[in-house]
Amino acid sequence: GQGEWLRGAAVAPNGRSIIAFNSSIKGKTSNVSRIVAKLGEGTITSVSRYDVDMVATEYGIAELKGKTIAQRAKALIAIAHPEFRESLEKAWRGIK
């Protein structure tokens, strides 16, 4: 239902599709970023990147609508937990 919810929000008058979550979670031995540079092969997602206008974490809001993949990556890294931003940036550079 998440995809339908986001698409419905996007087509509503003045609607925006927004996903909000904590930037990191507590893992077994340390914190883990919820924003990742790349999804693993075979990873299943609930929604496509085209269905999300904005992503919000406790560190800000990434406006994604109409942006290139590189612009989207930069915006998402900016709202990641500060502990993970440098490693996300390095990983992103390795992917490009």
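The values are calculated or read from the model by the stated rules, or taken from the named source; none is laboratory data. Quick caveat, the model's predicted, so the values are computed rather than measured. Cβ placement follows ideal geometry from the backbone for every residue including glycine, while neighbour counts extend to all protein chains displayed. Areas reflect the complete protein model, heavy atoms only, side chains present, ligands, DNA and RNA absent. Shrake-Rupley method; radii C 1.70, N 1.55, O 1.52, S 1.80 Å.
Observations on the model:
- Of residues in segment 44-74 being closer than 21 Å to Arg93 by Cβ and open to solvent by less than 70 Å² (accessible area, probe 1.4 Å), the one nearest to the chain's Cα centre (by Cα): Val55
- Only residues that are at pLDDT 95 or above and in contact with a Gly (Cβ under 6 Å, 6 or more places away or on another chain) were counted in segment 40-96, giving 1.
- When Glu4, Glu83 are screened for being open to solvent by 70 Å² or more (accessible area, probe 1.4 Å), touching a residue at least 24 places away in the same chain (Cβ under 8 Å) and in a helix (DSSP H, G or I), only Glu83 passes.
- Looking across segment 7-37, the residues that are surrounded by 12 or more Cβ atoms within 10 Å (Cβ to Cβ), over 14 Å from the mean Cα position of the chain (by Cα) and assigned to a strand (DSSP E or B) come down to Asn31, Val32.
- Restricting attention to segment 49-60, the residues being without any contact (Cβ under 8 Å) to a residue 40 or more places away in the chain, closer than 20 Å to Gly3 by Cα and of a type outside the set (Gly, Ala, Ser) number 5.
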